[in-house]
(Lines give C-alpha, C1' and ligand atoms only; values in the text may rest on other atoms or scores of the structure.)
Protein backbone atom coordinates (compact mmCIF):
# COMPACT_ATOMS: atom_id res chain seq x y z
CA UNK A 1 0.00 0.00 0.00
CA UNK A 2 1.60 3.26 -1.12
CA UNK A 3 -0.85 5.82 0.28
CA UNK A 4 -0.23 6.97 3.85
CA UNK A 5 -3.00 6.12 6.31
CA UNK A 6 -4.67 3.79 3.80
CA UNK A 7 -6.05 0.42 4.80
CA UNK A 8 -5.75 -2.86 2.93
CA UNK A 9 -8.91 -4.09 1.16
CA UNK A 10 -9.93 -7.02 -1.00
CA UNK A 11 -9.37 -6.28 -4.68
CA UNK A 12 -12.03 -6.74 -7.35
CA UNK A 13 -11.53 -8.16 -10.84
CA UNK A 14 -14.06 -7.04 -13.45
CA UNK A 15 -14.13 -8.23 -17.06
CA UNK A 16 -16.11 -6.02 -19.45
CA UNK A 17 -17.25 -7.01 -22.96
CA UNK A 18 -17.43 -3.80 -25.05
CA UNK A 19 -19.67 -5.43 -27.66
CA UNK A 20 -22.00 -6.84 -25.03
CA UNK A 21 -21.31 -10.49 -25.95
CA UNK A 22 -20.23 -11.92 -22.61
CA UNK A 23 -20.05 -15.47 -24.00
CA UNK A 24 -16.73 -14.47 -25.58
CA UNK A 25 -15.31 -13.96 -22.09
CA UNK A 26 -16.20 -17.46 -20.92
CA UNK A 27 -14.69 -19.22 -23.92
CA UNK A 28 -11.56 -17.07 -23.83
CA UNK A 29 -10.93 -17.65 -20.11
CA UNK A 30 -11.48 -21.41 -20.32
CA UNK A 31 -9.19 -21.56 -23.33
CA UNK A 32 -6.36 -19.81 -21.50
CA UNK A 33 -6.08 -21.85 -18.29
CA UNK A 34 -2.42 -22.27 -17.44
CA UNK A 35 0.02 -22.90 -14.63
CA UNK A 36 -1.62 -24.01 -11.40
CA UNK A 37 -5.10 -22.87 -12.52
CA UNK A 38 -7.72 -25.20 -14.00
CA UNK A 39 -11.31 -24.79 -15.15
CA UNK A 40 -13.72 -26.35 -12.63
CA UNK A 41 -17.00 -27.27 -14.38
CA UNK A 42 -18.16 -29.48 -11.48
CA UNK A 43 -17.83 -26.53 -9.12
CA UNK A 44 -19.97 -24.49 -11.53
CA UNK A 45 -22.73 -27.11 -11.40
CA UNK A 46 -22.61 -27.16 -7.61
CA UNK A 47 -22.79 -23.37 -7.38
CA UNK A 48 -25.78 -23.22 -9.71
CA UNK A 49 -27.58 -25.90 -7.69
CA UNK A 50 -26.93 -24.30 -4.32
CA UNK A 51 -27.45 -20.59 -5.01
CA UNK A 52 -30.42 -18.53 -6.08
CA UNK A 53 -28.38 -16.04 -8.09
CA UNK A 54 -29.28 -15.50 -11.72
CA UNK A 55 -26.80 -15.45 -14.55
CA UNK A 56 -23.79 -17.49 -15.59
CA UNK A 57 -20.97 -18.66 -13.35
CA UNK A 58 -17.40 -19.59 -14.25
CA UNK A 59 -15.30 -21.46 -11.70
CA UNK A 60 -11.57 -22.10 -11.54
CA UNK A 61 -9.40 -23.94 -9.06
CA UNK A 62 -5.77 -23.43 -8.20
CA UNK A 63 -3.39 -26.10 -6.93
CA UNK A 64 -1.17 -25.20 -3.99
CA UNK A 65 2.53 -24.56 -4.47
CA UNK A 66 5.38 -22.88 -2.63
CA UNK A 67 3.99 -19.44 -3.49
CA UNK A 68 0.23 -19.56 -2.89
CA UNK A 69 -2.31 -21.96 -1.34
CA UNK A 70 -4.94 -24.04 -3.12
CA UNK A 71 -8.02 -21.94 -3.82
CA UNK A 72 -11.24 -21.72 -5.79
CA UNK A 73 -12.14 -18.60 -7.76
CA UNK A 74 -15.66 -17.80 -8.94
CA UNK A 75 -16.85 -15.28 -11.52
CA UNK A 76 -20.53 -14.35 -11.84
CA UNK A 77 -21.96 -12.68 -14.91
CA UNK A 78 -23.16 -9.07 -14.93
CA UNK A 79 -24.85 -7.14 -17.76
CA UNK A 80 -21.54 -6.02 -19.26
CA UNK A 81 -19.34 -9.02 -18.46
CA UNK A 82 -18.16 -10.93 -15.39
CA UNK A 83 -16.67 -10.14 -12.00
CA UNK A 84 -14.93 -12.21 -9.36
CA UNK A 85 -17.48 -12.82 -6.62
CA UNK A 86 -15.23 -14.76 -4.27
CA UNK A 87 -11.94 -16.56 -3.77
CA UNK A 88 -12.03 -19.29 -1.14
CA UNK A 89 -9.30 -21.51 0.30
CA UNK A 90 -9.50 -25.21 -0.52
CA UNK A 91 -7.29 -26.38 2.34
CA UNK A 92 -6.73 -23.57 4.87
CA UNK A 93 -9.50 -21.90 6.84
CA UNK A 94 -9.31 -18.26 5.73
CA UNK A 95 -7.60 -16.01 3.22
CA UNK A 96 -6.23 -12.71 4.46
CA UNK A 97 -6.19 -9.58 2.34
CA UNK A 98 -2.66 -10.14 1.06
CA UNK A 99 -3.16 -13.77 0.00
CA UNK A 100 -6.60 -13.14 -1.49
CA UNK A 101 -5.26 -10.25 -3.55
CA UNK A 102 -2.18 -12.20 -4.65
CA UNK A 103 -4.43 -15.00 -5.94
CA UNK A 104 -6.64 -12.52 -7.76
CA UNK A 105 -3.69 -10.74 -9.37
CA UNK A 106 -2.12 -14.05 -10.42
CA UNK A 107 -5.37 -15.12 -12.08
CA UNK A 108 -5.56 -11.76 -13.84
CA UNK A 109 -1.95 -12.00 -15.07
CA UNK A 110 -1.92 -15.67 -16.09
CA UNK A 111 -5.43 -16.05 -17.50
CA UNK A 112 -7.61 -12.94 -17.73
CA UNK A 113 -5.21 -10.54 -19.45
CA UNK A 114 -3.88 -13.07 -22.00
CA UNK A 115 -7.48 -14.13 -22.73
CA UNK A 116 -8.52 -10.50 -23.19
CA UNK A 117 -6.05 -9.99 -26.02
CA UNK A 118 -7.87 -12.43 -28.28
CA UNK A 119 -11.30 -12.05 -26.72
CA UNK A 120 -11.45 -8.29 -27.06
CA UNK A 121 -12.70 -7.60 -23.54
CA UNK A 122 -11.40 -5.25 -20.87
CA UNK A 123 -9.75 -6.29 -17.59
CA UNK A 124 -10.10 -4.05 -14.56
CA UNK A 125 -8.36 -4.74 -11.24
CA UNK A 126 -9.16 -2.38 -8.39
CA UNK A 127 -6.68 -1.06 -5.84
CA UNK A 128 -5.55 -3.13 -2.86
CA UNK A 129 -5.95 -0.15 -0.53
CA UNK A 130 -8.45 2.56 0.31
CA UNK A 131 -7.79 5.91 1.92
CA UNK A 132 -10.18 8.35 3.54
CA UNK A 133 -10.17 10.36 0.31
CA UNK A 134 -11.59 7.35 -1.53
CA UNK A 135 -14.70 7.18 0.66
CA UNK A 136 -15.24 10.75 1.85
CA UNK A 137 -14.83 14.37 0.84
CA UNK A 138 -11.60 16.27 1.59
CA UNK A 139 -13.36 18.26 4.33
CA UNK A 140 -14.67 15.12 6.04
CA UNK A 141 -11.28 13.41 5.81
CA UNK A 142 -9.53 16.45 7.26
CA UNK A 143 -12.04 16.71 10.13
CA UNK A 144 -11.61 13.05 11.05
CA UNK A 145 -7.83 13.35 10.94
CA UNK A 146 -7.96 16.41 13.20
CA UNK A 147 -10.10 14.54 15.71
CA UNK A 148 -7.99 11.37 15.65
CA UNK A 149 -4.69 13.21 15.79
CA UNK A 150 -5.66 15.39 18.75
CA UNK A 151 -7.86 12.99 20.73
CA UNK A 152 -6.83 11.04 23.80
CA UNK A 153 -7.13 7.54 22.37
CA UNK A 154 -7.81 6.07 25.80
CA UNK A 155 -10.91 8.21 26.39
CA UNK A 156 -12.32 8.54 22.87
CA UNK A 157 -14.50 11.61 22.43
CA UNK A 158 -15.28 12.27 26.09
CA UNK A 159 -13.03 15.32 26.59
CA UNK A 160 -14.92 18.52 25.68
CA UNK A 161 -12.37 19.60 23.06
CA UNK A 162 -12.25 16.12 21.53
CA UNK A 163 -16.04 15.93 21.55
CA UNK A 164 -16.32 19.24 19.73
CA UNK A 165 -14.00 18.00 16.97
CA UNK A 166 -15.88 14.68 16.84
CA UNK A 167 -19.26 16.42 16.50
CA UNK A 168 -17.87 18.63 13.75
CA UNK A 169 -16.77 15.51 11.86
CA UNK A 170 -20.18 13.85 12.34
CA UNK A 171 -22.02 16.87 10.95
CA UNK A 172 -19.69 17.20 7.95
CA UNK A 173 -19.99 13.47 7.21
CA UNK A 174 -23.77 13.78 7.14
CA UNK A 175 -23.76 16.89 4.99
CA UNK A 176 -21.39 15.37 2.44
CA UNK A 177 -23.49 12.25 1.89
CA UNK A 178 -20.31 10.26 1.27
CA UNK A 179 -19.63 6.54 1.27
CA UNK A 180 -17.78 6.35 4.58
CA UNK A 181 -19.14 3.26 6.35
CA UNK A 182 -18.94 2.37 10.03
CA UNK A 183 -16.89 -0.71 9.14
CA UNK A 184 -14.35 1.35 7.21
CA UNK A 185 -14.19 3.89 10.03
CA UNK A 186 -13.47 1.14 12.56
CA UNK A 187 -10.70 -0.38 10.49
CA UNK A 188 -9.17 3.01 9.65
CA UNK A 189 -9.06 4.06 13.31
CA UNK A 190 -7.42 0.78 14.35
CA UNK A 191 -5.10 0.05 11.42
CA UNK A 192 -4.13 3.53 10.26
CA UNK A 193 -4.42 5.55 13.46
CA UNK A 194 -3.57 3.08 16.24
CA UNK A 195 -6.83 3.14 18.21
CA UNK A 196 -7.68 0.07 20.27
CA UNK A 197 -10.51 -2.15 19.00
CA UNK A 198 -13.00 -1.28 21.73
CA UNK A 199 -12.64 2.49 21.40
CA UNK A 200 -12.80 2.29 17.61
CA UNK A 201 -15.98 0.19 17.72
CA UNK A 202 -17.57 2.61 20.21
CA UNK A 203 -16.83 5.54 17.91
CA UNK A 204 -18.17 3.64 14.90
CA UNK A 205 -21.43 2.95 16.75
CA UNK A 206 -21.70 6.65 17.61
CA UNK A 207 -20.99 7.52 13.98
CA UNK A 208 -23.65 5.18 12.63
CA UNK A 209 -26.27 6.41 15.12
CA UNK A 210 -25.44 10.05 14.40
CA UNK A 211 -25.80 9.57 10.64
CA UNK A 212 -29.18 7.87 11.09
CA UNK A 213 -30.36 10.54 13.52
CA UNK A 214 -29.29 13.46 11.34
CA UNK A 215 -30.89 11.88 8.28
CA UNK A 216 -34.14 11.30 10.19
CA UNK A 217 -34.08 14.94 11.30
CA UNK A 218 -33.66 16.09 7.71
CA UNK A 219 -36.50 13.83 6.58
CA UNK A 220 -38.82 15.24 9.26
CA UNK A 221 -38.15 18.76 8.04
CA UNK A 222 -38.98 18.04 4.41
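Figures for the structure shown
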| item | result |
| --- | --- |
| Meets criteria (out of contact with any strand residue (DSSP E or B) (no Cβ under 6 Å at 6 or more places or on another chain) and either within 29 Å of residue 18 (Cβ to Cβ) or at pLDDT 95 or above (or both)) for residue 151 | yes |
| The range 76-91, subset outside any strand (DSSP E or B) and in contact with a strand residue (DSSP E or B) (Cβ under 9 Å, 6 or more places away or on another chain), residue nearest to residue 26 (Cα to Cα) | 80 |
| Of residues in the range 13-40 being part of a strand (DSSP E or B), touching a residue at least 24 places away in the same chain (Cβ under 8 Å) and surrounded by fewer than 19 Cβ atoms within 10 Å (Cβ to Cβ), the one nearest to the chain's Cα centre (by Cα) | 14 |
| Residue 191 vs. criteria touching a strand residue (DSSP E or B) at 6+ places or on another chain (Cβ under 7 Å), over 30 Å from residue 79 (Cβ atoms) and not in a loop (DSSP other than H, G, I, E, B) | yes |
| Where residue 43 falls short, out of the listed (1) surrounded by fewer than 17 Cβ atoms within 10 Å (Cβ to Cβ); (2) in a helix (DSSP H, G or I) | (1) |
| Criterion (part of a helix (DSSP H, G or I), assigned by TED's automatic domain parsing to the domain that holds residue 168 and surrounded by 13 or more Cβ atoms within 10 Å (Cβ to Cβ)) met by exactly one of 108, 142, 102 | 142 |
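The values are calculated or read from the model by the stated rules, or taken from the named source; none is laboratory data. Everything quoted here is computed from the prediction, not taken from an experiment. Here the Cβ is made from the backbone with ideal geometry for all residues, glycine too, and neighbour counts use every protein chain on show.
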